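The values are calculated or read from the model by the stated rules, or taken from the named source; none is laboratory data. These figures come from a predicted structure and were not determined experimentally. Because the Cβ atoms are built from the backbone with ideal geometry, glycine has one as well, and the counts that use them run over all protein chains shown. In case anyone asks, the SASA skips ligands and DNA or RNA and just uses the protein heavy atoms, side chains included. Shrake-Rupley method; radii C 1.70, N 1.55, O 1.52, S 1.80 Å.
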Amino acid sequence: FTVFDSKGEAAAVLAIGSDDFPMLTISREGSSAIVGIATGGKGLLALSDKAGQFFTVTGGGDDPSSIMLNNNQAGTGIMLTGLKDGTMQLAMKQKDDLLAFLLAGGGNPTAFQMDNTDSSVKLQAQDGGVSLMQLGVGDDYARVMRNKDGSSEFAIVKKKSYAWKESGK
């Protein structure tokens, strides 16, 4: 079912897609909003404009819920995903590069990572009470670890070997 505006352009479309997927699309001047419900109760809301920016929200059914904001022209994107076990993931990317990542909740270890072309920051609370902070990428980095027993380690690694290491309580 299609509704046209005064210029003869499709302004609203109500359609049933494959697997009886009901969908409502509203369009104007290259921008659109889509609302639909897929099999198993998964919902979808998508907004897009002619400049390539879009926003989507999905969730329900057996799939994780997610919110995504992308700007295709700038090549940037943010995605927040909530898993059924209570875990939340947040990822930010630019073109094909992951710039920042955060994982928390659901009884899982918490992790944060930030990357740039020549540098990286990693913060993790790992299973067994170990925490880690690492600065740098590739074969050269500085690392601080704290173990469950209270012992700690500080190390500077050059070309995959310890350049300096200190550990103790």
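Annotations
- Fraction of accessible area attributable to carbon and sulfur, the chain (%, probe 1.4 Å): 58
- The chain - share of DSSP beta bridges that are antiparallel (%, nearest 5): 100
- For region 71-83, putting each phi into the Karplus relation 6.51 cos²θ - 1.76 cosθ + 1.60 with θ = phi - 60° gives couplings of 10, 4, 5, 8, x, 10, x, 10, 9, 10, 10, x, 8 Hz, in residue order, rounded to whole numbers and with x for Gly and Pro.
- In summary, the lysines within cross-link reach of LYS148, defined as a Cα separation below 22 angstrom excluding same-chain residues under 8 places away, comprise LYS122, LYS165, LYS169.
- Rounded to the nearest 20 debye, the dipole size of the chain about its Cα centre is 620 debye, using +1 on the Cβ of Lys and Arg and -1 on the Cβ of Asp and Glu.
- Reported label for calculated log10 I(q)/I(0) by the Debye sum over Cα atoms at q = 0.08 Å⁻¹ given [x] -0.42; [y] -0.26; [z] -0.58: [x]
- Computed over protein heavy atoms with a 1.4 Å probe, the accessible surface of the chain works out to 66 Å² per residue.
- Karplus-derived HN-Hα couplings along region 125-131 (A = 6.51, B = -1.76, C = 1.60, θ = phi - 60°), whole Hz, x at Gly and Pro: 10, 9, 4, x, x, 8, 10
- Normalised by 2.2 N^0.38 Å, where N is the number of residues, the C-alpha radius of gyration of region 64-141 stands at 1.21.
- Most fluctuating residue given options ILE156, ILE67, ILE16, as computed from a GNM of the chain linking Cα atoms under 10 Å: ILE16
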